[in-house]
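As structure tokens, the structure follows; a few thoughts come after it.
Values quoted throughout were computed directly from the atomic coordinates according to the rules given, and no laboratory measurement underlies them. For clarity, every value in this text was computed on a predicted model and none was experimentally measured. Using ideal geometry, Cβ is built from the backbone for each residue, glycine included, and neighbour counts are taken over all protein chains shown.
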Ligand code: FES
Ligand SMILES: [Fe+2]
């Protein structure tokens, strides 16, 4: 068991809300969504990817957030994020979620950018002397890497990233997160508010009713919530006796990661970096599940499966049983989230009572409410980082 677990205050008060859920507007309202996009997604450091997906020069991934889109590119100075549109007339440059290119060609009038985001060629677009090529590269988005996770921020004054991560580093160290290999990623569109997905992936109370395969392997009764420092929340859950892997078979010949303490070999540690990246840390693999708001009633989930390179290098390596379990569980979950959204969309919804097993649900909502109640200063996405200050004053943002 990690030391940090034993330091928790067992007598702490549960539930900022007194154990009651939140309003119809909080989960489905336009105004709440606007505030989340402005004050959370437009202001904070956001975890967006894993470095193993961007290993080689020219490799890229994209992510859509709100109405915006970001391109992560591995250039000559490492991984950098850019706004994913052409500087000429705004054509969205890359639609594919991942790939490798040494230059990015805009398909509208054929401007070409190199892997460092610089404008390389105008391909015949005629300008008079006023045009400055060097000022028309892709617009950068702030980028940082911690523990193998790529973070971006649209704000020039995001809260301190290391402070926000708090005790996350202890989990990242034990599960060797920076060294793992992402062997698969899959995107899922979900017709629900993003917070309902964040709730769902952070509680196991629904396992017996929704996930027969997961429930067979994991014990929702042998579980507990962490009280962690930083903008992170988490819980642990036991793997049932006789099983050693959270997968369709429940068994794996993979060697457990060497730093995982004895007591955690038979557990999943569910840790979320707020607002939107959940980790399921197990001794033989790590899953990351990340949810991005698109509108008050729609979001995207990107699920990553990560394994230790000493295992992926083996000729008989397969993640099939792990993928099969989660892919099925994911569709089971989206149905729950979508139908819950349809219930909460009813203006007559009256907030219900959360159980002690749903403490993380309450923690997520309390954090979002704190971030959006006006006490944290809004930092909209700036069109140009150099103009971030003026943009803050002048515009709102939808990401
Ligand atoms: S919009 Fe890209 S080259 Fe014109
Ligand atoms: Fe679930």
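Some notes on this structure:
- Legend: translational diffusion of the stretch 65-143 by Stokes-Einstein, Rh = Kirkwood radius over C-alpha pairs, 37 °C, 0.692 mPa s; D = 253 µm²/s.
- Rounded tilt (10° steps) of 320-344 against the dominant C-alpha axis of the chain: 80 degrees
- When peptides 283-296, 243-256 are sorted by average Cβ neighbour count within 10 Å, with the highest value leading, the order is 283-296, 243-256.
- Taking the inverse of the mean reciprocal distance over all distinct Cα pairs, the Kirkwood hydrodynamic radius of the chain comes to 22.2 Å.
- The largest-to-smallest principal axis extents of the Cα set in the stretch 162-214 are 34, 28, 24 Å.
- For the peptides 338-348, 271-281, 177-187, residues were scored by their other Cβ atoms within 10 Å and the scores averaged per peptide; the highest-first order is 271-281, 177-187, 338-348.
- Computed log10 I(q)/I(0) for the stretch 255-370 at 0.12 Å⁻¹: -0.59, from the Debye equation with unit scatterers placed on every C-alpha and solvent omitted.
- Cα long-axis angle, helix 359-372 against the chain (0 to 90 degrees, to the nearest 10): 30 degrees
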